[in-house]
Structures are given as structure tokens and as C-alpha cells.
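Participant: Sharing a structure below in C-alpha cells format, with a few things to ask.
The values are calculated or read from the model by the stated rules, or taken from the named source; none is laboratory data. The structure displayed is predicted, hence computed values, not measured ones. In this analysis, Cβ positions are derived from the backbone assuming ideal geometry, glycine residues included, and neighbour counts consider all displayed protein chains. These area figures cover heavy atoms from the full protein model, side chains too; ligands, DNA and RNA do not enter into them. Shrake-Rupley method; radii C 1.70, N 1.55, O 1.52, S 1.80 Å.
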Amino acid sequence: MRNLIYLRPKLYDLSQGTRIKFVRVFRHLTQDNVSDDLGITGENKRRAMTRYEKGNRSPKKDRLLELANIINVNVNCIREYDFTKTEDIIYFLLWLEEIYPRMNIDFCISKYFRDSRDNMLIKFKEEWEYMRNLRETREISYEKYVEWKLNYEVKEG
């Protein structure tokens, strides 16, 4: 019997494919596992997952929803981002922390002239700081912290 060692997945960039692969590895799934659950068959059933993960192909909306369900993640964490939307910036920040775990982002949002986007960011910042503190004080594990990030839902401002 072989002893297997679990290594934490590493995120090298913030592309959609790399994020999908990160979650798949975090969940201890193989490309074959995910392909089977997606109903992909044949000799090259792994090919679709390889293309998604390498960024050669983007899953269509319905396939992306299936994939999110299979790998147990909020679909917003693995979809392509539109940086004109505040919620996409929030998801981007959560992923960016996987590349730069010691980064510190200071949200200096004026008390004056706030709008709903600012309120959304402030609400996120408070939740994120709380969870980061739990992680830093080791009240929760890295896995629980990542789980929170993978299933985070942006709240309206």
C-alpha cells in the first residue's frame, strides 16, 4: 500500500482554468472524477477538463454551473470576471490572497459620498478581516478558511 501525501494546491495565476484546477485539487478530485460526474465519456474524457484548466476552452454557462456543483463551489469563484462589477473585484481579491498570502489591503473608503458599491466593499472587508483573523489565530484551519472563500456570497450594500 502506498502512502499518499496531500500537498496544498498552488495557484500560479488568476485565470479561470487555474482557479478550476485549484478547486479540483483542493477537493482531492482527479480530472477523471470530474469528467465522469459531468457525463463525459470516451477515450479522451479527460481532454475537456484539461482544456478548461489550461484555458484553451471556457465552459459554457450550463457546464460551468454543473462543474461548480460537482466541485462544490460558488459558481462566482470559477467564472470569468468582469472588473467593472464590484462583486467580481471581491472574488478576485479572495483569489489574489492565494498567490500573495501575506498581502494586506487597506480599504480606505471615505465616510462621505458612499454609494452601494462602497457599502458592498465595506461589508466584505469586515467579513474578510474576521475570517482572516480566525485563520491567523489558528481558530480555523487553512482548509476551513479556503472553504469559506470558495463558497463566499457577496452581500448587497
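Participant: Pick out which of ILE105, ILE20, ILE89 has the largest mean-square fluctuation in a Gaussian network model of the chain, springs linking Cα atoms closer than 10 Å.
Facilitator: Maximum fluctuation in the GNM of the chain, among the listed residues, is at ILE105.
Participant: Right, another one. Got a sec to turn the phi values of the stretch 16-25 into Karplus ³J(HN,Hα) couplings, 6.51 cos²θ - 1.76 cosθ + 1.60 with θ = phi - 60°, whole Hz, x for Gly and Pro?
Facilitator: Couplings: 4, x, 5, 5, 4, 5, 4, 5, 4, 5 Hz.
Participant: Compute the acute angle (0 to 90°) between the alpha-carbon long axis of helix 86-99 and the principal axis of greatest extent of the alpha-carbon atoms of the chain; round to the nearest 10°.
Facilitator: With rounding to tens, the tilt is 70 degrees.
Participant: How much space per residue, in cubic angstrom, does the convex hull of the C-alpha atoms of the stretch 15-57 take up?
Facilitator: For the stretch 15-57, the hull spanned by Cα atoms encloses 56 Å³ per residue.
Participant: Right, next: Rounded to whole Hz and in sequence order, give me ³J(HN,Hα) for the stretch 114-124 from the Karplus expression 6.51 cos²θ - 1.76 cosθ + 1.60, θ = phi - 60°, writing x for Gly and Pro.
Facilitator: 6, 10, 5, 5, 4, 4, 5, 5, 5, 4, 4
Participant: Taking the radius of gyration and the Kirkwood hydrodynamic radius from Cα positions alone, what is the Rg/Rh ratio for the stretch 1-75, to two decimal places?
Facilitator: 0.97
Participant: Per the Kirkwood definition applied to all pairs of different Cα atoms, how many angstroms is the hydrodynamic radius of the stretch 113-157?
Facilitator: 11.3
Participant: Here's something else I'd like to know. Take every Cα-Cα pair in the chain and report what % of them are more than 26 Å apart.
Facilitator: Result: 33 percent of Cα pairs exceed 26 Å.
Participant: Next question. Applying 1/(1 + (r/R0)^6) with R0 = 22 Å to the Cβ-Cβ distance of VAL75 and ASN44, what FRET efficiency is obtained, to the nearest 0.05?
Facilitator: E(calc), rounded to 0.05, equals 0.30.
Participant: On the first, second and third principal axes, largest extent first, how far apart are the outermost C-alpha atoms of the stretch 66-145 in Å?
Facilitator: Projected onto its principal axes, the Cα set of the stretch 66-145 covers 42, 33, 19 Å.
Participant: Here's a follow-up. Please give the per residue accessible area of the chain, computed with a probe of 1.4 Å over protein heavy atoms only, in Å².
Facilitator: 66
Participant: Between ILE109 and ASP82, what FRET efficiency follows from the Cβ-Cβ distance if R0 is 22 Å, with the result rounded to 0.05?
Facilitator: It comes to 0.55.
Participant: Compute the long axis of helix 61-70 from its Cα atoms, compare it with the longest principal axis of the Cα atoms of the chain, and write down the angle in degrees, 0 to 90, nearest 10.
Facilitator: 80
Participant: In whole Å, what is the distance between the alpha-carbon centres of the stretch 90-144 and the stretch 28-67?
Facilitator: 31
Participant: Just want the answer: with Cβ charges of +1 for Lys and Arg and -1 for Asp and Glu, which residue in GLY42, VAL73, SER58 is farthest toward the dipole's positive end in the chain?
Facilitator: Value: GLY42.
Participant: Moving to a separate point now. Given charges of +1 on the Cβ of Lys and Arg and -1 on the Cβ of Asp and Glu, with all other atoms neutral, how large is the dipole of the chain about its Cα centre, in debye to the nearest 20?
Facilitator: Roughly 500 debye for the chain.
Participant: Once you have a ≥ b ≥ c as the square roots of the Cα gyration tensor eigenvalues for the stretch 32-93, tell me rounded if a/c is under 1.5, and otherwise prolate or oblate according to whether a/b is larger than b/c.
Facilitator: Taking the square roots of the gyration eigenvalues as a ≥ b ≥ c, the stretch 32-93 is prolate.
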